[in-house]
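Participant: Let me begin by handing over the structure; questions about it come next.
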Amino acid sequence: MLRTITLAIGVACAALPAFARDQVSDFTLDNGMQVVVIEDHRAPVVTHMVWYRAGSADEQPGVSGVAHFLEHLLFKGTETLEPGEFSATVAANGGRDNAFTSYDYTAYYQRVAADRLELMMTMESDRMVNLQLSEEDILTERDVIIEERNQRVENNPGALFREQMSAAQYLNHRYGVPIIGWRHEMETLDLQDALAYYTQFYAPNNAILVVAGDVQPDEVLDLAQKYYGTIPANPDLPERTRPSEPPQTSARRMTFSDPRVAQPYLTRSYLAPERNSDDQKTAAALTLLAEVLGGAQTSVLNQKLQFEQQKVVYVGAWYSGTSLDKTTFNLTVVPVPGLSLEEAEQELDQAVADFIETGVDEEQLDRIKMQLRASQIYARDDVEKMANRYGRALTSGLTIADIQTWPDVLQAVSSEEIIAAAEMVFDKRKSVTGWLTATDLTAEEITQ
């Protein structure tokens with residue numbers, strides 16, 4: 001049965017021409033707003049998204065969490081909508097809506113029947129400029145985000161550990177500050193902080209409208225001009241620059257102890273290049289490197305450390321290049337009971353060194369490429385995933401051409417380029433190694 005499925009995937013991949021492209025139209029309104037339309041007429045539904053080129057990494061020092069805070073506040077009222085009326089209207093029309101904040105963007109979306117698109121544009125364009133906030137809104141929603149931090153971070157030693165890892169990796173860049181914010185700064189966020197961020201970044205010339213589904217590009221453009229095109233651009237929109245990270249020239253280490261930890265583990269992150277417009281080869285090689293090393297049970301590290309040597313119960317590698325600035329390549333190992341974190345780290349280092357010395361298994365690489373190709377084909381069946389794919393990339397500095405050529409760039413990566421990428425990224429001088437334990441370690445144990 002497995003062989004049949006594998007062959008079916010191979011046939012599907014072979015049937016897709018290398019030059020096949022998504023049905024995407026791209027426009028720019030007079031006020032600078034980019035409009036991207038992704039056609040899919042198989043079902044009478046549409047995903048409507050507005051992406052702002054502003055996330056937590058664009059915050060000013062001292063107000064961490066304000067980007068995520070404002071995301072919550074946008075569900076309050078406007079001059080024409082009562083608090084909560086936006087989401088209630090979407091639900092009453094059989095749809096669903098939500099929003100999310102990352103380092104490089106904030107996005108708002110609705111998934112509705114295609115004939116409700118105009119209604120979504122009416123409401124979304126309204127809250128782009130007409131948000132109405134009171135001091136009561138601030139106090140109520142600030143309590144909400146603090147409780148969210150309690151649930152997602154303070155009650156999770158792994159999340160606290162990852163926060164400290166990022167802070168150690170990025171000494172100056174805002175990627176070292178958690179998206180949700182540092183608690184002590186979240187507690188002081190006020191109306192002026194929220195409005196300052198809103199006024200600066202929520203403008204059509206800082207936004208991308210992505211509409212995916214059963215729509216015609218010219219009709220979407222007409223609606224976009226009617227509702228978004230009348231909003232003035234922000235003439236004072238600043239150039240998108242962040243504090244730059246100083247060169248990392250020394251390996252960094254940390255140990256995070258918490259009695260709630262059930263299973264100790266170690267993570268290492270390396271500074272790594274992001275995907276750049278017209279230059280995606282390195283990111284593609286790193287993407288495949290992560291898959292080869294730890295993307296599945298048949299990957300190199302899993303086979304060697306988990307199954308052959310039985311030294312770990314879990315090992316993983318991951319990399320995401322869709323980032324405006326430098327990102328990280330990450331390795332994680334959970335040792336078997338009785339194996340110390342020190343020993344697990346040594347085993348990981350040796351396995352990576354052996355891999356670089358031995359090289360990439362060509363059959364494994366072909367299989368991974370086939371699986372990636374298949375997943376990209378199947379992703380076309382979900383208009384929401386397609387809208388997310390384009391929105392994330394465009395707000396991270398990539399172009400539509402970059403997005404559409406990415407599958408072919410991945411397929412063109414050679415085993416030699418993957419090894420070259422490994423030799424480049426696995427530089428301990430640009431790494432942070434973290435140990436998560438249940439009890440405090442002695443100074444001697446940490447430095448062993």
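Participant: Kindly provide the helix-only [θ] at 222 nm of the chain, computed as the sum of -39,500 (n - 2.57) over DSSP H runs of four or more divided by all residues, to the nearest 500 deg cm²/dmol?
Facilitator: Theoretical 222 nm ellipticity from helices: -13000 deg cm²/dmol.
Participant: What is the P(r) of segment 34-73, as percent of Cα-Cα pairs per 10 Å bin from 0?
Facilitator: Calculated over all Cα pairs of segment 34-73, the distribution is 22, 35, 23, 17, 4 percent.
Participant: Could you size up the charge dipole of the chain around its Cα centre, putting +1 on the beta carbon of Lys and Arg and -1 on that of Asp and Glu, and report it in debye to the nearest 20?
Facilitator: 780 debye
Participant: Roughly what percent of Cα-Cα pairs across segment 23-101 reach past 18 Å?
Facilitator: I get 61 percent for the Cα pairs in segment 23-101 exceeding 18 Å.
Participant: Would you mind working out the accessible area per residue for segment 48-189, using a 1.4 Å probe, and quoting it in Å²?
Facilitator: It amounts to 39 Å² per residue over segment 48-189.
Participant: Give me the accessible area per residue for segment 209-297, probe 1.4 Å, as a whole number in Å².
Facilitator: Computed with neighbouring chains in place, this is 48 Å² per residue.
Participant: Between R242 and E219, what is 0.36 nm times their sequence separation minus the Cα-Cα distance? Round to one decimal in nm.
Facilitator: That pair, R242 and E219, stretches by 4.6 nm at full extension.
Participant: Determine the share of segment 256-358's accessible area contributed by carbon and sulfur atoms, expressed in whole percent, with a 1.4 angstrom probe.
Facilitator: That fraction is 49 percent.
Participant: Sticking with this one: Give me the three principal axis extents of segment 190-334 from the C-alpha atoms, as integers in angstrom, largest value leading.
Facilitator: 64, 41, 34
Participant: With a sphere of radius 11 Å drawn around the Cβ of T332, what net charge do the other residues whose Cβ falls strictly inside it have (Lys, Arg +1; Asp, Glu -1)?
Facilitator: Result for the neighbourhood of T332: +2.
Participant: Counting DSSP beta bridges with both partners in the chain, what percentage is antiparallel, nearest 5?
Facilitator: Among the beta bridges of the chain, antiparallel pairing accounts for roughly 80 percent.
Participant: So, one more: Can you pull the percent of Cα pairs in segment 92-154 with separation above 13 Å?
Facilitator: 75 percent
Participant: Now, a different point. May I ask you to list the GluC sites (Glu not before Pro) in segment 200-282 that are in a DSSP loop and have at most 12 other Cβ atoms within 10 Å of their Cβ?
Facilitator: E239
Participant: Follow-up question, since we're still on this one. Please report, as a whole percent, how much of the solvent-accessible surface of segment 56-96 comes from carbon and sulfur atoms (probe radius 1.4 Å).
Facilitator: The computed percentage sits at 51.
Participant: With +1 assigned to the C-beta of every Lys and Arg and -1 to the C-beta of every Asp and Glu, and no other charges, what is the dipole magnitude of segment 128-194 about the Cα centre in debye, to the nearest 20?
Facilitator: About 540 debye.
Participant: May I pose another question? If the cut-off is 26 Å between C-alpha atoms, which lysines fall inside it for K76, apart from same-chain ones fewer than 8 positions away?
Facilitator: In chain and number order, the partners are K226.
Participant: Just to compare against my own numbers: the Cα pair-distance distribution for segment 145-257, 5 Å bins, whole % per bin, please.
Facilitator: Once binned at 5 Å, the Cα pair distances of segment 145-257 give 2, 8, 12, 13, 13, 13, 13, 11, 8, 4, 2, 0.
Participant: Using the Cα atoms of segment 232-313 to build a convex hull, what is its mean projected area in square nanometres?
Facilitator: Average projection, Cα convex hull of segment 232-313: 11.1 nm².
Participant: Give me log10 I(q)/I(0) at q = 0.11, 0.12, 0.13 Å⁻¹ for segment 196-272, Debye formula, one equal scatterer per alpha-carbon, no solvent.
Facilitator: -0.68, -0.72, -0.75
Participant: In 5 Å bins starting at 0, how do the alpha-carbon pair distances of segment 300-434 split up by percent?
Facilitator: Here the calculated profile for segment 300-434 is 2, 8, 14, 18, 18, 15, 13, 8, 3, 0, 0.
Participant: How long is the gain from Q309 to I377 if the chain were fully straight, where each residue apart is worth 0.36 nm and the alpha carbon distance is subtracted?
Facilitator: Taking 0.36 nm per residue and subtracting the Cα distance, the gain is 20.9 nm.
Participant: Can you list the equivalent-ellipsoid semi-axes of segment 276-360, largest first and in whole Å, using the square root of 5 times each Cα gyration tensor eigenvalue?
Facilitator: In descending order the semi-axes read 26, 13, 10 Å.
Participant: Label points 7 Å out from Cα along the Cβ direction at Q346 and R260: separation in nm?
Facilitator: Taking the two extended label points, one gets 3.3 nm.
Participant: With the other protein chains left in place, how much accessible area per residue, in square angstrom, belongs to segment 316-402 at a 1.4 angstrom probe?
Facilitator: Here the residues of segment 316-402 average 43 Å² of exposed surface.
Participant: Sort largest first and round to whole Å: the equivalent ellipsoid semi-axes of segment 95-201, each the square root of five times a Cα gyration tensor eigenvalue.
Facilitator: 29, 18, 15
Participant: DSSP loop trypsin sites (Lys or Arg not before Pro) in segment 335-393 with at most 10 other Cβ atoms within 10 Å of their Cβ, which ones?
Facilitator: Those that pass, being in a loop and sparsely packed, number zero.
Participant: About its Cα centre, what dipole magnitude does segment 92-220 give when the only charges are +1 on Lys and Arg Cβ and -1 on Asp and Glu Cβ, stated in debye to the nearest 20?
Facilitator: Roughly 540 debye for segment 92-220.
Participant: Which residue, chosen from P204, G321, H48, occupies the Cα position most advanced towards the positive end of the dipole of the chain, where the dipole is computed from +1 (Lys, Arg) and -1 (Asp, Glu) charges on Cβ about the Cα centre?
Facilitator: G321
Participant: Relative to 2.2 N^0.38 Å, what does the C-alpha radius of gyration of the chain come to as a ratio? Two decimals please.
Facilitator: The reported ratio for this selection is 1.05.
Participant: With the Cα gyration tensor of segment 378-439 in hand, give its eigenvalues times 5 under a square root as the equivalent ellipsoid semi-axes, listed largest first in whole angstrom.
Facilitator: 31, 21, 13
Participant: Using the Kirkwood formula on the Cα atoms of segment 237-277, what hydrodynamic radius do you get, in angstrom to one decimal?
Facilitator: After inverting the mean inverse Cα-Cα distance, the result is 14.9 Å.
Participant: While we're here: Just to confirm a number: summing +1 for Lys and Arg and -1 for Asp and Glu over residues other than S269 whose beta-carbon lies under 10 angstrom from that of S269, what do you get?
Facilitator: Computed value for this residue: +4.
Participant: Taking segment 15-117, which trypsin sites (Lys or Arg not before Pro) meet the DSSP loop condition and have no more than 16 other C-beta atoms within 10 Å?
Facilitator: R21, R42
Participant: Expressed in nm to one decimal, what extension gain is obtained for the pair R152 and T199 from 0.36 nm per residue of sequence separation less their Cα-Cα distance?
Facilitator: Extending this stretch completely gives an extra 14.0 nm.
The values are calculated or read from the model by the stated rules, or taken from the named source; none is laboratory data. Computed from a predicted structure; not experimentally measured. Methodologically, a virtual Cβ is constructed for each residue, glycine included, from the backbone with ideal geometry; neighbour enumeration extends over all protein chains shown. Ligands, DNA and RNA are excluded from the accessible area calculation, which covers all protein heavy atoms including side chains. Shrake-Rupley method; radii C 1.70, N 1.55, O 1.52, S 1.80 Å.
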